[in-house]
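Report on the following structure.
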Amino acid sequence: MILLSRVADCMYWFGRYIERAENTARMVDVNLQLLLDLERLDDHRITAHWDPLIRSAGDSELFDRLYGQADSENVTDFLTFNTDNPGSILSSIVNARENARVVRDKLSTEIWEEINRLYHYVRSLDAKRVWASDPYDFYREIKQSSHLLHGLADATVVRDEAWEFLQAGRLLERAIQTNVLVDIKYHILLPSTRDVGGAIDALQWMAILRSCSGFEAYHHIHGADVQPWHVADFLILSEDFPRSILFCLRELDGAIRTISGVSEGRFSNRAGKLAGRLLYELKYSTVDDIFEAGLHEYLTDLRSRTGEIARALYEAFMFFPVVDDVNPEVESQIQR
Amino acid sequence: MLFQNYKTEGFFDEMFSADGEVRPHYRQLYERFRQLSEAEFDHKRQAVDLSLWRQGVTFTVYGDDQGTERIFPFDLVPRIIPQTEWSYLEKGLEQRITALNLFLKDIYHDRKILKDGVIPESYVLSASHFRPEFSGINVPRDIYIHVCGTDLIRDDQGRYLVLEDNGRTPSGVSYVLENRIAMKRAFPNLFTRASVRPVATYPNELLKTLRYVAPGHGEQPVCAVLTPGIYNSAYFEHCFLAQQMGIEVVEGRDLMVRDRKVYMKTTKGFRQVHVLYRRVDDDFLDPTVFRKDSLLGVPGLIDAVRAGNVTLANSIGTGVADDKVMYYFVPRMIKYYLDEDPIIPNVPTYLASEKKDMAYIMDHLPELVVKAANESGGYGMLVGPKASRAEVEKFRGLVKANPRNFIAQPTISLSRHPTWCESGFEGRHIDFRPYILYGEKVSIIPGGLTRVALRKGSLVVNSSQGGGSKDTWVLYEDE
């Protein structure tokens, strides 16, 4: 089977945008819940609370220009419905649908109908009403639809090269998004430094776990005690939890190897080299290495290297340099 | 119940004869629909609309920056064609496409029909879709029009007439297939008794046609659908057909020409393409030959066609047969090439560029339909009896200024068909577009697109102007 580069590109981005919409929903949801645990909420505190999210899924200047005041309603609207914000949930869904439209002959009818349904739902007045009265329900709907789409893909899409590009897009995006989620904890201010390791600190880490659907899995592995290094270990280095960064990179490496036709531990292009190298670095790391480097610094570096894999993947398979290939002789003949 | 207040109002009605009797081939349907209450019918109608909406069978409303989408209205009362009538249409359409292909071969080679004075040479040479660049080039098996969507209408006597030949890139066939699926969902039990011929084989027939005209021999040819892209209103159809045929949908930017051969850019390098079912107009195919500003095209594509390394379906320059002035001459083509009389007649037509006809047009303008020779989609058209005085005078000026570009026809009272309207069933005007494939043999799917003018009294069936569509049933038998 052959696969057009443009089609590969669209499958890849379809996977990325769905995953992005889901993770933005997760992030907004967790921040809304965190708010409930905070006391003494003045405007300044609320702004500080939302700021890291605005920066991770949008851009602060744009937000200031469009809304000014960083209260919960403005921020969640910006991150959810604002189509001027390319990182909003609605923008991601619009983009996912546009990509799906291009490759709809590669997707099952069920997938196409679901992305359509989601698109029409998020744009409907009904969605706005649910969002305003029960944001938890609204964001759950987004997550559920993303799960349904991934499940449908899993159960209905042919396992050919196009599928591997879908997987690659989805896993790469998830590796980045889990990274951002853990990093948000770094930005969230504690009431004072003496709260580090205290009750509020633990509550915030629990919220992060919940936002990754990892609350139960964490307790299963690490017990009831929520410790920052255990959570970091779990979300970054777990071999078994499907949203951990290591897990995503392993699957990403697998997808790239299948596309390239090489066996484990080998590579035939730069994307495969970078993915394999980063995977093995994580495999041979412990949480001590992470905290020694500094959690935030470590995550920042990891993010930029994941982005480098995305660029290499694009160059290897989805991009053809423009060549001027009509030879002049032929051209003169045509214009005769 | 549903037909209680239905009136034919003096028009030719597809379902009821003038005295209100149900025509025999509609009897099954009538019996079934009689059992339905208005509420049941409306429920089915809404379910079908919702399903089309979910499937994204929608178009974007122009000039609406909210990106509002609508479904193409689909009417649940099918149009039914009995077997005898269908085989008459098949013969007529086969005759027509055969003559058109002979005509195209002739004017791009020896031009005998012009030399023999059957058609004035100037009409062909001045046709805006005539491609002199393409003269003398041979196309595989001498087929120019592989896919044709001829528009037919019926007049107040129920006579079929050819309204126009669409020999460029006719669209709409995906609705034929989708409408059937929707109908089967809405009325599953009806089909088992009604003996309706299936339409689902169309993609298969199309693929056979494409393979038949592949250049060279031996290896399995690689076919692809060439689309202008997702912003084209028929993009859904391009994907739909490609998927059903199991071939790729490509855009111009996916293709490149090297050594006069066409290649697709794939994740594993270049792969040669032999046949392009192109849904891109001539003008946009190749910026080195036609429009230089075309971003959709593939530089060098036409040269690859000349070299015989790739086949385009339909071929280049077929639009000359769509010219409404050329339409006037189709009966003469049939006589000239086949020595037969046309089986399905044309609508009587007046050419503004002929002195006598021009005088007639000027005297009778308010009664006539005037059409620009090279516009489609119902644009550039005057429906005299429905037009204001100012519009009539505007067209008088236009026709006088550029007679070559206009024809006129008497206003045909199109046949009507029961159609669901807000207050139950009412008669609405319809037309019919069957899809004809010309490959090893001529094959016409038993069915087609019946378009319906949903606005009361309107004669314009185009989807861009308030039209909808119906499923079209061709029966195995006559009732």
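The values are calculated or read from the model by the stated rules, or taken from the named source; none is laboratory data. A quick note: this is a predicted structure, and the numbers were derived from the prediction, not measured. Glycine also receives a Cβ, built like all others from the backbone with ideal geometry; neighbour counts cover every protein chain displayed. Only protein heavy atoms, including side chains, enter the accessible area calculation; ligands, DNA and RNA are left aside. Shrake-Rupley method; radii C 1.70, N 1.55, O 1.52, S 1.80 Å.
Annotations for the structure displayed:
- 29 Å Cα-Cα reach of B:Lys265 towards lysines, excluding residues that sit fewer than 8 places from it in its own chain: A:Lys106, A:Lys273, B:Lys208, B:Lys292
- For the stretch B:333-394, the solvent-accessible area of protein heavy atoms averages 55 Å² per residue (probe radius 1.4 Å; ligands and nucleic acids excluded).
- Of every Cα-Cα pair in the protein assembly as shown, the percent that sits beyond 50 Å: 30
- Taking both sides together, the accessible area buried where A meets B is about 3200 Å² for a 1.4 Å probe.
- Take each residue in A:5-13, count the other chain C-beta atoms within 10 Å of its C-beta, and the mean is 3.
- Neighbouring partner chain Cβ atoms per residue of B:242-251, average, 10 Å criterion: 3
- Cα-based helix-to-principal-axis angle, A:109-122 vs chain A, degrees rounded to 10: 50
- Dipole of the protein assembly as shown, positive end: most advanced residue of B:Thr450, A:Ser56, A:Ala96 [Cβ charges, Cα centre]: B:Thr450
- If the convex hull is drawn through the Cα atoms of the stretch A:164-320, its volume per residue in Å³: 107
- Largest to smallest principal axis extent of the C-alpha atoms in the stretch B:348-449, angstrom: 48, 42, 20
- In order along the stretch B:307-317, phi translates into HN-Hα couplings of 6, x, 9, 8, 10, 9, 10, 6, 6, 7, x Hz, rounded to whole numbers, per the Karplus curve 6.51 cos²θ - 1.76 cosθ + 1.60 with θ = phi - 60° and x for Gly and Pro.
- Using the 1.4 Å probe convention, the accessible area of chain A works out to 44 Å² per residue with neighbouring protein chains retained.
- Pairs of Lys residues in the stretch B:44-160, spaced 8 or more positions apart or belonging to different chains, with C-alpha separations under 30 angstrom: 4 in total.
- For B:299-306, mean number of other protein chain Cβ atoms within 10 Å: 3
- Here is the list for the stretch B:161-225: GluC sites (Glu not before Pro) lying in DSSP coil, each with at most 16 other C-beta atoms within 10 angstrom of its C-beta, are B:Glu219.
- The residues A:Arg97, A:Arg45, B:Arg185, B:Arg34, sorted by heavy-atom accessible surface at 1.4 Å with ligands and nucleic acids left out, run B:Arg185, B:Arg34, A:Arg45, A:Arg97 from largest to smallest.
- Whole-percent pair-distance distribution, where bins are 10 Å wide, for the alpha carbons of the stretch B:350-410: 26, 62, 12
- Cα-based values for chain B, radius of gyration first and Dmax second, are 22.8, 69 Å.
- log₁₀ of I(q)/I(0) at q = 0.13, 0.16, 0.18 Å⁻¹ - the stretch B:409-479, Debye sum with one point per alpha carbon: -0.47, -0.67, -0.79
- Here's the list of lysines a cross-link from A:Lys185 could span, going by alpha-carbon distance under 24 Å and ignoring same-chain residues fewer than 8 apart: A:Lys143, A:Lys283.
- Debye intensity ratio in log₁₀ form over the Cα atoms of the stretch B:237-351, taken at each q of 0.17, 0.18, 0.19 Å⁻¹: -0.88, -0.93, -0.98
- Taking θ as phi - 60° and the Karplus parameters 6.51, -1.76 and 1.60, the scalar couplings of the stretch B:192-209 work out to 5, 9, 7, 6, 9, 6, x, 10, 5, 7, 3, x, 5, 5, 5, 4, 4, 4 Hz in sequence order, x denoting glycine and proline.
- Rounded D (µm²/s) - the stretch A:24-117, Kirkwood Rh over Cα pairs, Stokes-Einstein at 10 °C, 1.306 mPa s: 109
- Efficiency of FRET between B:Asp363 and B:Arg332 - r from beta-carbon atoms, R0 35 angstrom, step 0.05: 0.85
- For the stretch B:231-237, 3J(HN,Hα) per residue [Karplus equation, 6.51 cos²θ - 1.76 cosθ + 1.60, θ = phi - 60°, Hz, x = Gly/Pro]: 7, 6, 5, 9, 4, 3, 5
- Reduction of at least 30 Å² in accessible surface, 1.4 Å probe, comparing all protein chains with the chain by itself, residues of the stretch B:265-290: B:Lys265, B:Thr266, B:Thr267, B:Lys268, B:Arg271, B:Thr288
- With contacts taken as Cα pairs under 8 Å and at least 6 residues apart, chain B reaches a relative contact order of 24 percent.
- The alpha-carbon of B:Lys7 sits under 17 angstrom from the alpha-carbons of these lysines, leaving out residues fewer than 8 places away in its chain: B:Lys456.
- Rg(Cα)/(2.2 N^0.38 Å) for chain A, N = residue count: 1.08
- What you get for the protein assembly as shown, charging only the Cβ of Lys and Arg (+1) and of Asp and Glu (-1), is a dipole of about 2140 debye around the Cα centre.
- Estimated FRET transfer efficiency when R0 is 45 angstrom, pair A:Ala199-A:Arg305 (beta carbons, to 0.05): 0.80
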